[in-house]
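Report on the structure given below.
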Amino acid sequence: MIHHLSVSAIDPQDVAQFFADIMGGVVVDFPPNPGSFMVFKADGMGTAIEIYPAGSVMVPNGEPGAVFERQADGAARRSPTHFALSVSIDVQDVLDRAAAKGWDAFVCDRGGHFHVVEVWIENAWLVEVLPLAFAAEYLGFANAVTEMANPNAALDSHQPQARTLEHA
């Protein structure tokens, strides 16, 4: 289980509020990295998302623990890192909330295995939002993979799109 993860945003407070809204969570300041916020979901599992100012990176600092540094303005904001987030609101609510922010959002079929709502946070990076029905599809697929005699075959029908690996 992943208890929390971190992402970055041009407007960390706005992005934190979006996540709190779709998760039914609360936003708190995150003082270790000034200008950051953390969203907690009261689910008994410690589920949380940390939102750092754009350009924040973590660097090792030995036993005292990682420290935060900032990359120069204009650093690339695209990333292969993304996550899936189950929510209790329906698909249209997710789409409407993303649209209200001016962010791209699409309902996508993941190779016939399950669906997600792709929400492109600040139109820069991806979170796959799974309303209850989509979460059930995902869990059914993920649980089936772990029981397959050949789990490597699970994604054979989910091939790259034609544009995959084009230069950005």
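The values are calculated or read from the model by the stated rules, or taken from the named source; none is laboratory data. Just so it is clear, the structure is predicted and the values come from calculations on it, not from any experiment. Cβ placement follows ideal geometry from the backbone for every residue including glycine, while neighbour counts extend to all protein chains displayed. Heavy atoms of the whole protein, side chains included, go into the accessibility calculation; ligands, DNA and RNA do not. Shrake-Rupley method; radii C 1.70, N 1.55, O 1.52, S 1.80 Å.
Couple of notes before you dig in:
- Computed from Cα positions, the angle between helix 12-23 and the longest principal axis of the chain comes to roughly 40 degrees.
- Fraction of accessible area attributable to carbon and sulfur, the chain (%, probe 1.4 Å): 55 percent
- Under the Debye formula (equal points on every Cα, no solvent term), log10 I(q)/I(0) of segment 1-75 at q = 0.20 Å⁻¹: -0.86
- Ellipticity at 222 nm from helices only: DSSP H runs of n ≥ 4 in the chain, each -39500 (n - 2.57), divided by the residue count, give -7500 deg cm²/dmol.
- Nearest-20 debye value, the chain charge dipole, Cβ charges on Lys, Arg, Asp, Glu: 200 debye
- The charge dipole of segment 78-167, taken about the Cα centre with unit charges on the Cβ atoms of Lys, Arg (+1) and Asp, Glu (-1), comes to about 180 debye, rounded to the nearest 20.
- For the chain, alpha-carbon Rg relative to the globular expectation (2.2 N^0.38 Å, N residues): 1.12
- Rounded to 10°, Cα long-axis angle of helix 91-101 versus longest principal axis of the chain: 30 degrees
- Cα-based helix-to-principal-axis angle, 132-147 vs the chain, degrees rounded to 10: 70 degrees
- Whether segment 78-167 is rounded, prolate or oblate, judged on the alpha carbon gyration tensor where a/c under 1.5 counts as rounded: oblate
- Dimensionless Rg/Rh of segment 20-118 - Kirkwood Rh, Rg from C-alpha atoms: 1.01
- Charged-residue dipole, Cβ positions (Lys, Arg, Asp, Glu), segment 1-75 about Cα centre, Debye nearest 20: 100 debye
- Segment L95..V67, full-extension length gain: 6.5 nm, with 0.36 nm per residue of separation and the alpha-carbon distance subtracted.
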